[in-house]
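Reviewing the structure listed below.
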Amino acid sequence: MKPRIVFMGTPEFAVPALEILIAADYPVVGVVTSTDKYGGRGNKTLLESAVKKCAVKYGIPVLQPKNLKAADFQIELRALRADLQIVVAFRMLPESVWGMPKLGTFNLHGSLLPKYRGAAPINWAVIKGETESGCTTFKIQHEIDTGDILLQHRIAIGPDDTAGDLHDRMMLEGAELVLDTVKLLEAGDYTLQAQDATQACPAPKLFRENCQIDFSAAAPAVHNFIRGLSPYPAAWTMLQNAQVKVIRSSLEVVTHHDEPGTILTDDKTFLKVAADGGYVHVKELQLAGKRRMTTEAFLRGTSLPPGATFG
């Protein structure tokens, strides 16, 4: 008999993993997701998580606890009689929750653990210029992202791939890894691999303050920084006292270059910014309060004064 599964997740990233389990006829007996929130224009629209919408579509019971340690939530969760719990992009669980099912609880993480433990592993892998990343399933234990590894899948990162590009590939390939992991646990024939803590590196949460572009850094590092924060939360700089988000870029490495932050443009088709050891070509950007646009569209509507700089 296939194991009864409770699935825990919130964003779009988690939806393919839930759907692949349903398609494989695993009994997903419940979904745990974030509480509904008001948002949109004027904060008047009630917003449901992507995982909740998927669960409702398939008629799966949904639990939306504010407090994972609350007794009433844990009573409801236990009543689902899950054999296995799966976590994909959710909150940190207390042991009273992750230790509940007989087959345990495993997590899908967006990196090749132990590298990039933390809240933003996809972003940091690109920011750091990695040429590959991947996804890992592991048994949850007390310290976040430190549990024993079940399976891993490697994913190449191209030189101009953004975090969004990697996210979209990982979302689908991670779902396959979740299904493979469930089959492994169902068969009971597997070996857990302990993480090598000496190889660990952090992937902390990103805030506006640490998303500002430093054009005095090496040009490849600036390019990696931009693509690692694209499309969200987006790397930003200042232009004439206004914030500009740089969404896509390309790299030009040269021996001689202008002062960091110097803008070179033909006012029609290209805009490049000097950094240490080269230039970063801005391909897509977003002015504060405006929609994203190509550089060509930006230059059609903006006249840059001589000597304009980013920074």
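Here are a few things to note about the model shown:
- Considered as a group, the residues in the range 286-311 that are among the small types (Gly, Ala, Ser) and not in a helix (DSSP H, G or I) include one that is farthest from residue 250 (Cα to Cα), and that residue is 289.
- Tally, over the range 140-171, of residues that are assigned to a loop (DSSP other than H, G, I, E, B), under 22 Å from residue 106 (Cα atoms) and modelled with pLDDT of 95 or more: 5
- Meets criteria (among the small types (Gly, Ala, Ser), surrounded by 14 or more Cβ atoms within 10 Å (Cβ to Cβ), closer than 23 Å to residue 246 by Cα and touching a residue at least 40 places away in the same chain (Cβ under 8 Å)) for residue 129: yes
- Filter pass, residue 288 being of a type in the set (A, V, I, L, M), surrounded by fewer than 17 Cβ atoms within 10 Å (Cβ to Cβ), under 30 Å from residue 120 (Cα atoms) and out of contact with any Phe, Trp or Tyr (no Cβ under 8 Å at 6 or more places or on another chain): yes
- Just one of the numbered conditions (1) touching a Lys or Arg at 6+ places or on another chain (Cβ under 8 Å); (2) closer than 19 Å to residue 138 by Cα; (3) among the hydrophobic types (A, V, I, L, M, F, W, C) is not true of residue 47: (2).
- Condition check for residue 18: among the hydrophobic types (A, V, I, L, M, F, W, C), over 29 Å from residue 169 (Cβ atoms) and in the same structural domain as residue 187 (by TED's automatic domain parsing): no
- Residues being out of contact with any Gly (no Cβ under 8 Å at 6 or more places or on another chain), hydroxyl-bearing (Ser, Thr, Tyr) and modelled with pLDDT of 95 or more are entirely absent from the range 224-243.
- Looking only at residues of the range 16-30 that are under 13 Å from residue 60 (Cβ atoms) and free of Cβ contacts under 8 Å to residues at least 40 places away in the same chain, we find that the one that is surrounded by the fewest Cβ atoms within 10 Å (Cβ to Cβ) is 27.
- Scanning the range 181-220 for residues that are of a type in the set (A, V, I, L, M), out of contact with any Ser or Thr (no Cβ under 6 Å at 6 or more places or on another chain) and buried (at least 18 other Cβ atoms within 10 Å of the Cβ) turns up 182, 185, 203, 206, 219.
- Counting only residues that are part of a helix (DSSP H, G or I), over 22 Å from the mean Cα position of the chain (by Cα) and either surrounded by 10 or more Cβ atoms within 10 Å (Cβ to Cβ) or not basic (Lys, Arg) (or both), the range 36-69 holds 4 of them.
- For the range 36-71, the tally of residues that are aromatic (Phe, Trp, Tyr) and closer than 15 Å to residue 10 by Cα stands at 0.
- Looking only at residues of the range 93-109 that are hydrophobic (A, V, I, L, M, F, W, C) and closer than 21 Å to residue 170 by Cα, we find that the one that is nearest to the chain's Cα centre (by Cα) is 108.
- Taking the criterion of being under 30 Å from residue 76 (Cβ atoms), among the aliphatic types (A, V, I, L, M) and buried (at least 21 other Cβ atoms within 10 Å of the Cβ), the only residue of the range 101-126 that qualifies is 108.
- Residue in the range 266-285 that is buried (at least 21 other Cβ atoms within 10 Å of the Cβ), outside the structural domain of residue 121 (by TED's automatic domain parsing) and part of a loop (DSSP other than H, G, I, E, B) present: no
The values are calculated or read from the model by the stated rules, or taken from the named source; none is laboratory data. Bear in mind that the values here come from a model prediction, so they are computed numbers and not experimental data. Using ideal geometry, Cβ is built from the backbone for each residue, glycine included, and neighbour counts are taken over all protein chains shown.
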